[in-house]
Amino acid sequence: MADLRGGIDLGGTKIQTVVVDSTSAVQGEARHPTPTEGGPGDVARAMEDALREAASAAGVDPAGLAGVGVGSPGDADGKTGVVSGARNLPGWEGSFPLGETLARTLGCEVRIGNDVQVAVEGEYRLGAGRPYDSLLGVWWGTGVGGGIVLDGKPWLGRGAAGEIGHTVVKRNGARCPCGRRGCLEAYAGRAAMEAKARREQAAGVETDLFEIMRKRGKDRLTSSVWEHALREKDPLTESLIRRAVRYLGTGIASACNLLDVEAVVIGGGLGVRFGERYSAEIEREMGKHIFVADDPPKTHLAELGDLGGAIGAALLVSPV
């Protein structure tokens with residue numbers, strides 16, 4: 001059906017897919033875990049399976065879609081469909097023709113974009129960003145990603161704009177998954193927080209985080225594991241979350257001082273789960289560093305929820 005489009009949000013822990021109609025209303029959706037082993041080909045097959053499930057729920061074969069949009073981490077080249085350096089995914093250090101691979105297996109056009117940028121554009125067009133001409137999206141999840149809209153248009157730079165997670169918030173600070181030191185992601189990204197928690201436990205710090213992980217049948221500290229540990233008032237969990245919030249506020253404020261946007265939208269797996277609880281603290285931390293203190297940007301939580309990235313990805317494809 002030419003008025004139906006697919007959207008795939010490729011994350012470090014989950015692959016969320018949707019099929020939407022011409023109004024972006026969801027007609028079918030599916031969520032699969034992101035593979036933890038293998039390489040880009042294995043991830044692509046998992047994406048195909050998840051999209052086929054969403055299409056089945058919508059009563060359509062993937063080949064009948066107007067197309068499929070994909071929001072991918074790493075350097076996602078919208079012109080070639082090649083994704084490079086998606087380091088939060090297994091074995092994805094080099095380049096892989098993700099768009100071409102999925103187009104061949106799904107039988108329809110596939111367009112590729114940066115995962116956070118497409119999610120932010122979804123919020124700009126359909127969600128919390130609708131009242132504004134400029135905004136910064138901050139997606140707090142496996143990593144810390146960003147997306148920018150200026151004067152009503154996405155700002156992509158040379159293709160990698162918005163990497164707020166790799167702005168330096170502490171010189172010679174903690175090691176980031178990217179290999180550098182002091183990045184915001186080194187303090188607030190879920191993967192870096194898990195690595196820190198494992199080091200603390202190995203050093204003798206008591207925590208129930210990993211017992212909760214095992215009881216919930218997880219192989220990593222997902223956002224739901226962090227939430228359950230917070231409910232149980234696990235001290236290490238509380239400490240690491242507040243550390244993340246502190247650095248998020250610092251990093252966001254610095255980006256706002258540079259861009260002077262009207263609004264900040266916070267999303268992502270941890271952002272959706274914890275945003276309401278910690279948004280006031282993030283704003284207080286921002287307030288310590290905002291240059292124009294009497295008129296700070298408005299802060300909002302993403303309105304499209306867990307499906308927002310996939311819905312935003314579907315916007316990459318125009319209905320026929």
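The values are calculated or read from the model by the stated rules, or taken from the named source; none is laboratory data. Please read these numbers as outputs of a predicted model, since none were measured by experiment. Neighbour counts run over all protein chains shown; Cβ positions are idealised from the backbone, glycine included. For the accessible areas, the whole protein counts, side chains as well, though only heavy atoms, and no ligand, DNA or RNA atoms are used. Shrake-Rupley method; radii C 1.70, N 1.55, O 1.52, S 1.80 Å.
Points 7 angstrom from Cα along the Cβ direction at Arg284 and Arg199: gap in nanometres?
Taking the simple label geometry, Arg284 and Arg199 are separated by 2.7 nm.
Calculate the FRET efficiency for Ser95 and Thr36 from the Cβ-Cβ distance with a Förster distance of 25 Å, rounded to the nearest 0.05.
Taking R0 as 25 Å, the efficiency between Ser95 and Thr36 is 0.75.
Give me the number: length gained by fully extending Lys298 to Asp133, i.e. 0.36 nm times residue separation minus the C-alpha to C-alpha distance, one decimal in nm.
Full extension from Lys298 to Asp133 adds 58.2 nm.
Which value, in Å², gives the accessible area per residue of the chain when a 1.4 Å probe is used on the protein heavy atoms?
Accessible surface, normalised per residue, equals 44 Å².
Grab the eigenvalues of the alpha-carbon gyration tensor for the range 142-265, scale each by 5, take roots, and send me the semi-axes largest first in whole angstrom.
30, 15, 13
Over 19 Å, how big is the tail of the calculated P(r) for the range 198-262, in percent of all Cα pairs?
44
Summarise the accessible area of the range 14-60 (1.4 Å probe, protein heavy atoms) by the percent that is carbon and sulfur.
Within the range 14-60, the accessible surface is 42 percent carbon and sulfur.
In whole Å, what is the distance between the alpha-carbon centres of the range 176-238 and the range 40-97?
Value for the Cα centre distance between the two parts: 28 Å.
Fully extended, how many nm does the chain gain between Arg242 and Ser224 (0.36 nm per residue separation, minus their Cα-Cα distance)?
4.8 nm
Hey, with R₀ at 25 Å, roughly what FRET efficiency would Arg277 and Trp155 work out to, going by the Cβ-Cβ distance, to 0.05?
0.25
Can you tell me what share of the DSSP beta bridges in the chain is antiparallel? A percent to the nearest 5 is fine.
60
Tell me the Kirkwood hydrodynamic radius of the range 68-183 in angstroms, computed as one over the mean inverse distance between distinct C-alpha pairs.
Over the range 68-183, the inverse of the mean reciprocal pair distance is 15.1 Å.
Under the rule a/c < 1.5 gives rounded, and otherwise a/b versus b/c splits prolate from oblate, where does the range 215-316 land using the Cα gyration tensor?
Oblate is the answer for the range 215-316, as a/c is 1.5 or above yet b/c matches or exceeds a/b.
The range 255-300: D in µm²/s via Stokes-Einstein (Kirkwood Rh, Cα pairs, 10 °C, 1.306 mPa s)?
Rounded to a whole number, D works out at 143 µm²/s.
How are the C-alpha pair distances of the range 1-154 spread across 10 Å bins, as whole percents from the shortest bin up?
For the range 1-154, the pair-distance distribution reads 12, 41, 36, 11, 0.
Considering the options Leu136, Leu98, Ala63, tell which one lies farthest towards the positive end of the dipole of the range 63-182, charges being +1 on Lys and Arg and -1 on Asp and Glu at the Cβ, about the Cα centre.
Value: Leu136.
Translational D (Stokes-Einstein, µm²/s) of the chain at 37 °C and 0.692 mPa s when Rh comes from the Kirkwood sum over C-alpha pairs?
Diffusion coefficient, whole number: 167 µm²/s.
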